[in-house]
């Protein structure tokens, strides 16, 4: 049985004008999770992440917060699409 998750692809570019860790934290991710995601993203410039649908993370707020700082974000299984 597969785990129900929200799937996102994040892409870092020179247009990012904010703190990735703060944007992730404001969306409900924990400190360690946020720092790990930000570090991996900076190292690879593109990162696929999955977030458990039962977590405290609001996927729409995550999308909004990351786009607000200029990060390119694709929500792969957005229920609205």
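Residues of region 35-74 that are in a helix (DSSP H, G or I) and within 17 Å of residue 5 (Cα to Cα): 37, 59, 60, 61, 62, 63.
Among the residues of region 54-73, those that are touching a residue at least 40 places away in the same chain (Cβ under 8 Å) and either surrounded by 13 or more Cβ atoms within 10 Å (Cβ to Cβ) or touching a helix residue (DSSP H, G or I) at 6+ places or on another chain (Cβ under 8 Å) (or both) comprise 57, 59, 62, 63, 65, 66, 68, 69, 70, 71, 72, 73.
Table: residues versus (1) within 10 Å of the chain's Cα centre (by Cα); (2) at pLDDT 95 or above.
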position: 2; (1), (2): no, no
position: 9; (1), (2): yes, yes
position: 22; (1), (2): no, yes
position: 35; (1), (2): no, yes
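Residues checked against (1) closer than 12 Å to residue 24 by Cα; (2) modelled with pLDDT under 95; (3) in contact with a strand residue (DSSP E or B) (Cβ under 8 Å, 6 or more places away or on another chain):
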{"residue": "45", "(1), (2), (3)": "no, yes, yes"}
{"residue": "54", "(1), (2), (3)": "no, yes, no"}
{"residue": "64", "(1), (2), (3)": "yes, no, no"}
{"residue": "70", "(1), (2), (3)": "no, yes, no"}
{"residue": "78", "(1), (2), (3)": "no, yes, no"}
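The values are calculated or read from the model by the stated rules, or taken from the named source; none is laboratory data. All figures in this text were calculated on a predicted structure; none of them were measured in a lab. Neighbour counts run over all protein chains shown; Cβ positions are idealised from the backbone, glycine included.
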